[in-house]
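Enquirer: The structure under discussion is supplied below as structure tokens; questions concerning it will follow.
Since every read-out is calculated from the coordinates, none of them should be taken as a lab result. Keep in mind that what you see is a predicted model, and the values were worked out from it rather than measured. So basically every Cβ, Gly included, is an ideal-geometry build from the backbone, and we count neighbours across all protein chains shown.
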């Protein structure tokens, strides 16, 4: 996502330089998580009334944000709606994980936050920073825009990325004289929403989202609430990111993660179709379509890596997809197996794939690599410190690894720094052989739809990918990568197997980052620009 502006902008200036962020691990990072709650005027669709009256949804929002924190953990916040309050909409947000931002470990402070921001409706957000501004509360969401007209006073939370960010920014700057205080596409969405809400009468929310859809190219899940008490949550027509909803009596809830709803006690969980929105207006819930569903382009990485392993996406379990990927890797195996072979998952998201792979191969699955959960995040480190930080992330168990043929199962490989460091540790602990099995295809291109994926220069796979790569790693490609990683062999899940692993049609998935073929016009425009930038030696992220 674009980084911060260095100066105020009124003219058609180029996009300011982006300050890249580097974590102490090189796994892909998601942008954000969304949550929404509403105590309705009446049960949805003739449902039964529940006995528990909810006067304040803020405590439940705190719990939901914890359950979507895997999607972003550097800032968190929520906006509550209370019509009897002078500040009808009230937003609380801060940097840090949910526990830090909402002071959960300090009971009195946490209770004060929840009571001061009480309401019978709320939207919430967890953020991952892609620009390095992890300590700036200005970038935390939701974004609230106050106005004297109640339907123009609103708050929004956003999950995704606008591929045509630069076009939208240029349009606003050149034609409408807008001013930006932050260089982020969430601010562009806020300005565009404000423009769609103009006029002397409150506009229809379906038409508002239809207008946004005509403007936007990319992934955009949005949670919105205004001072009239109107709320909507929407999923873009491609369905890049998951969004589910549920109702129990008069309580409505929505989130990226189905586990967040399950943990609140909802049994029947629904998934918004691409191009759909759930709207609460006058205290009543309805489901509307704001755009025709485009060709489905659901991000396969949601199943492979990002989503909570206990969640379901569009009815397909995350755990089961990872387990099937492990079985497919086992079916591809060409190494002989003996009593010295062990399978070791790289914690944590590779565990399901590793267990399944090991079961299919009839090899023991051992926790020979232990994750250090207390290592903090370190942004923008000097290159000399990165290997040290990566090494501190894991502890290896010498007594399990010594003298063994180790099959390391990894969920994905991006830059390979963490894997290279881990391989050194496993070698030092006496492993006789190291074979890496990856439950994901090689990543050969950036993501323009909401994942903090590296530039082409930082990715390891493109260095070894043949000119006419089809998504099936060649023997020569794998041999060169294994040599570069100092391992005995490596295998990846092929692109063609993703549909089988997830149990959906392959054509319904976005596979841009593993095929360099993107589902939207701006995605394909940006990959062409990224390749040209690489040839020209231009560094940094790609914004056409």
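Enquirer: How do the peptides 394-402, 65-73, 444-452 rank, highest first, by the average count of neighbouring beta carbon atoms within 10 Å per residue?
Expert: 444-452, 65-73, 394-402
Enquirer: Let me ask something else. Which three extents, in whole angstrom, do the alpha-carbon atoms of segment 30-294 cover along their principal axes, largest first?
Expert: Ordered largest first, segment 30-294 gives principal extents of 54, 41, 35 Å.
Enquirer: I'd like the distance between the alpha-carbon centres of segment 474-491 and segment 273-348, rounded to an integer number of Å.
Expert: Computed from Cα coordinates, the inter-centre distance equals 27 Å.
Enquirer: When 349, 86 are ordered from fewest to most other Cβ atoms inside 10 Å of their Cβ, what list results? Intermediate results must be reported in sequence, preceding the final value.
Expert: Working: 349 23, 86 6.
Ranked by crowding around the Cβ, least crowded first: 86, 349.
Enquirer: Given R₀ = 35 Å, FRET efficiency for residue 287-residue 532 by Cβ-Cβ distance, to 0.05?
Expert: 0.25
Enquirer: Moving on to the next point. How high is the FRET efficiency between residue 362 and residue 515 when r is their beta carbon distance and R₀ equals 56 Å, given to the nearest 0.05?
Expert: For residue 362 and residue 515, the calculated efficiency is 0.95.
Enquirer: May I pose another question? Between helix 58-67 and the chain, what is the angle of the helix's C-alpha long axis to the longest principal axis, kept within 0 to 90° and rounded to the nearest 10?
Expert: 20 degrees
Enquirer: Given a Förster radius of 51 Å and the C-beta distance between residue 505 and residue 94 as r, what FRET efficiency does 1/(1 + (r/R0)^6) yield to the nearest 0.05?
Expert: Computed FRET efficiency for residue 505 and residue 94: 0.75.
Enquirer: Measure nothing but the geometry: give the 0 to 90° angle between the long axis through the Cα atoms of 107-116 and the longest principal axis through the Cα atoms of the chain, rounded to 10°.
Expert: Approximately 40 degrees, to the nearest 10.
Enquirer: Here's another thing I want to ask about it. Going by a ≥ b ≥ c, the root eigenvalues of the Cα gyration tensor, does segment 409-527 fall in the rounded group (a/c under 1.5), the prolate group (a/b larger than b/c) or the oblate group?
Expert: Prolate is the answer for segment 409-527, as a/c is 1.5 or above and a/b outweighs b/c.
Enquirer: Can you sort 513, 32, 365 so the residue with the fewest Cβ neighbours within 10 Å comes first?
Expert: 365, 32, 513
Enquirer: Determine the calculated [θ] at 222 nm for the chain from helices alone, applying -39500 (n - 2.57) to every DSSP H run no shorter than 4 residues and normalising by the residue count; nearest 500 deg cm²/dmol. All intermediate terms of the calculation are to be shown ahead of the outcome.
Expert: On the way: 16 runs with 152 residues, N = 544.
About -8000 deg cm²/dmol.
Enquirer: By the gyration tensor of its Cα atoms, with a ≥ b ≥ c the square roots of the eigenvalues, what is the shape of segment 308-380: rounded for a/c under 1.5, prolate for a/b over b/c, or oblate?
Expert: Details: a/c = 2.54, a/b = 1.23, b/c = 2.07.
Note, shape of segment 308-380 comes out oblate.
Enquirer: Related question: Would you mind checking the tilt of helix 205-215 against the longest principal axis of the Cα atoms of the chain, expressed as 0 to 90 degrees and rounded to 10?
Expert: The angle comes out at about 50 degrees.
Enquirer: Contour minus end-to-end for residue 433 and residue 107, with contour as 0.36 nm per residue of separation and end-to-end as the Cα-Cα distance? Provide the component values of the computation, followed by the final result.
Expert: Details: separation 326, 0.36 × 326 = 117.36 nm, distance 5.06 nm.
Result: 112.3 nm gained on full extension.
Enquirer: When a footprinting reagent is the concern and you count Cβ atoms within 10 Å, what order do 125, 191, 106 take, fewest first?
Expert: Ascending Cβ contact count within 10 Å gives the list 106, 191, 125.
Enquirer: Enter the per residue convex hull volume of the chain, computed from alpha-carbon coordinates, in Å³ rounded to the nearest integer.
Expert: 152 Å³
Enquirer: Determine the relative contact order of segment 30-294: mean sequence separation of Cα pairs under 8 Å and six or more apart, normalised by residue count, in whole percent.
Expert: So the answer I get is 23 percent.
Enquirer: Moving on. What is the packing order of peptides 196-204, 155-163, 461-469, taking the mean over residues of other C-beta atoms within 10 Å and listing the highest first?
Expert: 155-163, 461-469, 196-204
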